[in-house]
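Here's the structure we're looking at; comments come further down.
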Amino acid sequence: MALHIGDALRRGIDDITGENGLLVMGVFLLYNLGNTVASSSVMEVLFDELMAQGNPSGAGGPAGAGSPGFSMADFVGPFSLDLAAPVAVVLLLVFLVLGQLVKFWGIRLFADQSEIRSDNASERAVMAVVLGGGIAIVTFAISMSSTFFQLNGQALLSLAASLGSVLASLVVGLALVYLLQAIALFDGGYVQTIKHCVARFMDAPAQIIVLLFILALLGIIPGIPSTASVISVFLPGSFDLPSQSVLQVASMVLNAPVQTFSLAVITDAYIQVRAEQDEDDF
């Protein structure tokens, strides 16, 4: 078996409790704050567009859109900025690309020096922006296509786009699960890196799917405060919950160690399958 799930999980625990893990965790926390501001700003812009369509005359505010008493501020809290739609979208795209660089840096930090096959970090970072950032932006555009169709009153196309987005994200997420690891630790051109990434997934597809499922279950934890903040909007006073701002901050804080652990685990999984492939080549 090319991939030992238990070893990858143990390596992840060792990494996040070490000095490098704490450093990556801190950077992820700062990134999550900025990304929350960017995504909340885009959400507010989209909400305003939906409200304008549901109530074109402007009379009655949000109630005309079938959501009496609610505004987007109830959901995004204090983290959104009042930005024009193009500026908000560009800000979010910048953070999508920046996220790839944060992961690229974290991967090279977690890997031993002997496991890094390219010393040209700047060249590989550019590849992370072009390949990793490009795929992240395309995936985001596909996911936003359903909202675009909804804004234009095309409900059927919106549903089809939503299903297509889920399917595309699943396929890309699996086939290119090692993409950033390959960019950070491999030494090859763009096409060769993608082929190498897919080939390493095919070395142990069942094991990496199980590993991703475990990480997905772990990812539920930071989503609990976010869910609670939504409940607090729809059922105010029904539960003794902290303020919405506190819940959103808690979600960001909890997400940082989960992201760091996941990055470390997938990096070790990649190193395992690559090492076995290297042995097979001799």
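Where does the range 77-139 land on Rg/Rh, using Cα atoms and the Kirkwood Rh? Please report the intermediate quantities before stating the final value.
Values: Rg = 15.0 Å, Rh = 13.4 Å.
Checking Rg against Rh, the ratio lands at 1.12.
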Heavy atoms of Phe47 accessible to a 1.4 Å probe, total area in Å² rounded to 10: 30 Å²
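Which sequence of Arg117, Arg200 reflects their accessible areas, 1.4 Å probe, from the largest down? Mind dumping the intermediate values first?
Working: Arg117 100, Arg200 20 Å².
From most exposed to least exposed: Arg117, Arg200.
For the full complex of protein chains and a 1.4 angstrom probe, list Ser262, Ser41, Ser122 by accessible area with the highest value first. If you can, show how the numbers build up before the last one.
Numbers: Ser262 30, Ser41 0, Ser122 80 Å².
Accessible-area ranking of Ser262, Ser41, Ser122, largest first: Ser122, Ser262, Ser41.
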Per-residue SASA entry for Leu81, accessible area with 1.4 Å probe, Å² rounded to 10: 80 Å²
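The values are calculated or read from the model by the stated rules, or taken from the named source; none is laboratory data. These numbers were taken from a predicted model, which means no experiment stands behind them. Each accessible area value is taken on the protein alone, full model and side chains, heavy atoms only, with ligands, DNA and RNA left out. Shrake-Rupley method; radii C 1.70, N 1.55, O 1.52, S 1.80 Å.
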